[in-house]
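Notes for the one structure printed next.
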């Protein structure tokens with residue numbers, strides 16, 4: 001699924017490579033507990049989510065093989081008086097369908113008031129967590145996280161992301177600007193989003209500092225239009241790809257069935 005790929009890309013790029021004002025979770029809201037992949041009439045758990053007593057995400061697990069107990073990624077969250085203070089992750093990089101090889105990562109967070117202004121990214125090397133990069137967050141006057149800037153440990157710019165919002169509750173577009181070597185930072189990718197008018201359950205699955213736009217949108221994304229500016233030559237054109245997602249909903253307005261470009265997933269709540 002798209003949101004998984006975003007997360008995995010961040011973890012695997014920590015050797016070179018999210019923002020927040022604390023948003024309280026509503027314990028009474030339906031909680032997304034699992035997502036099952038549906039293939040040939042069979043369902044297999046692909047993702048599982050667990051929450052603490054305050055309704056905050058506690059663990060998020062994705063499986064490469066649920067029946068065999070093989071984990072693809074797992075993220076664990078630590079809070080202090082409602083504030084996210086640490087995030088720990090394990091990611092399988094084996095490429096095998098029957099075995100695992102994990103890398104372990106960690107993030108810590110710095111605040112200004114109730115707002116996260118910096119996330120520090122660490123990677124476990126020889127049983128020691130080494131700082132690999134840090135991300136600084138910039139907000140507009142409406143507390144929208146409009147810019148995320150990533151730096152290497154020595155403070156050199158790596159990349160930044162610019163976000164625009166519509167209707168105060170959904171991300172309309174993202175621009176990814178990459179710095180390569182000694183060159184100027186260049187626009188590498190842009191995404192435009194279309195949305196439905198229903199409720200997005202992933203706001204509870206992700207803390208709002210991570211995996212934008214899924215973590216902060218009030219509504220569900222129905223289409224992503226991606227423009228890739230990384231051309232192999234000056235003569236090559238920019239490429240544009242559109243990915244569609246369709247949903248079926250329950251009475252409260254949350255999606256129960258999701259079809260991403262022909263791949264079907266069942267969402268279960270508690």
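Computed from the coordinates by the stated procedures, all read-outs in this text should not be read as laboratory data. Treat the numbers as computed from the prediction; the structure is a model and nothing was measured. A quick note on method: Cβ atoms are made from the backbone with ideal geometry, for glycine too, and the neighbour counts reach across all protein chains shown.
Tabulated results
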quantity	calculated
Residue exposure sequence - 186, 33 - by fewest surrounding Cβ within 10 Å	186, 33
Cα→Cβ-extended label distance, 7 Å offset, between residue 138 and residue 182, nm	2.6
Label point at residue 166 placed 7 Å out along Cα→Cβ; residues across region 196-212 whose backbone nitrogen lies under 16 Å	196-198
Separation in nanometres of the label points that stand 7 Å from Cα toward Cβ, at residue 241 and residue 111	3.9
Relative exposure of 133, 183, judged by other C-beta atoms within 10 Å (fewest first)	183, 133
222 nm mean residue ellipticity, helices alone, for the chain (DSSP H n ≥ 4; -39,500 (n - 2.57); rounded to 500)	-1500 deg cm²/dmol
Euclidean distance between Cα centres, region 224-262 to region 174-212, Å	13
Stokes-Einstein D (µm²/s) once Rh is taken as the Kirkwood radius of region 123-270 over alpha-carbon pairs, at 37 °C in 0.692 mPa s	187
The chain - Rg and Dmax from Cα coordinates, angstrom	18.6, 56
Proxy reagent accessibility, fewest Cβ within 10 Å first, across 75, 240, 61	240, 61, 75
Relative compactness, region 19-148, computed as alpha-carbon Rg over 2.2 N^0.38 Å	1.23
